[in-house]
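What follows is a short report on a single structure.
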Amino acid sequence: MSVPRTALRTGIQLGLRTTLGAQSAKLSSHAIPRASIARQTLQARKAFHTTAPRPYKTIQEAKAKSKTGPFSWKAGLLFVLAGGGLIAYFRYEKQRLERQRIRDMSKGIGKPKVGGSFNLIDQDGKPFTEKDLLGKFSLVYFGFTHCPDICPEELDKMAEMIDMVKKDVGNVLLPVFITCDPARDTPDVNKQYLKEFHPDIIGLTGEYDEIKRTCKAYRVYFSTPPHVKPGQDYLVDHSIYFYLMDPEGDFVEAIGRNFTPKQAADLIESHIKDWTKPLRKD
Ligand SMILES: [Cu+2]
């Protein structure tokens, strides 16, 4: 806060009060209390009114002064830099508040309940519940290993996101694949399939009803037929989202197919950087 405020004051003292003042008032409506802006304007006004105009001694001096005007190029440059800095700062602050708003939606009253408890089995056949996700951010994807094109494409993207996030902010993201096709996707099928994409991805399967319940909890459309005979072919339809969950198990944001891996990684990293509580890095 101290940098842009100083910049604001510098801009005002340069005498360009009207333009910058109007701009900062517009940009800062949610970042700086109005009282503080009023105070700064008052200070600037005082500075204006108490400074006595300096009389020119000679006509030459007066002429020289009038050529450059009241503002030197240095003052102009400083003003442009200060203004640019302010705009960049408020843009950043606006984005941060927007992320906070999205996050708070799932924390407060009337939160859209996405996610919740589940009791599944990982790719090594070990039990895995929602508690195993706590302490890190998690990126949850629902799909199935027989998926002809969409899942492979999305999992390739997921692998890219994992690497980018890991490189930039450390090992604080758990990527999770939950099958919508438990009849065919056994722990071992998941294991063989997922290692083609990224070694970090945890593959979960489970009882049909438990998978169905988990899909419902994450608002994932589930269409797997209940009683399939071995070898019988069938289609599985599913929603295509990456669900970003925070270290306390709360839903943060759903990342759709319109995101490139880089855009998705940037968004995930921003949320991770906003997180102020402890994070597991193992
Ligand atoms: Cu798929």
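The values are calculated or read from the model by the stated rules, or taken from the named source; none is laboratory data. Bear in mind that the values here come from a model prediction, so they are computed numbers and not experimental data. Cβ coordinates were reconstructed from backbone atoms using ideal geometry, including for glycine residues, and neighbour counts include every protein chain displayed.
Just a few scattered comments:
- Residue tally, condition closer than 15 Å to V165 by Cα and not aromatic (F, W, Y), over the range 237-282: 23
- Contact map, the range 193-210: first residue assigned by TED's automatic domain parsing to the domain that holds C147 and among the acidic types (D, E), second residue buried (at least 16 other Cβ atoms within 10 Å of the Cβ) and assigned to a helix (DSSP H, G or I), Cβ cut-off under 7 Å, separation 6 or more or different chains; pairs are D200/I162.
- Applying the criterion of at least 3 residues that are more than 12 Å from the ligand (Cβ to nearest atom) and either over 24 Å from the mean Cα position of the chain (by Cα) or more than 21 Å from T214 (Cβ to Cβ) (or both) to the strands (runs of 3 or more DSSP E) found wholly in the range 119-198 leaves 119-121, 127-129.
- Selection within the range 219-270: residues that are within 16 Å of the ligand (Cβ to nearest atom) and of a type in the set (D, E, K, R). The member of this set that is nearest to V169 (Cα to Cα) is R257.
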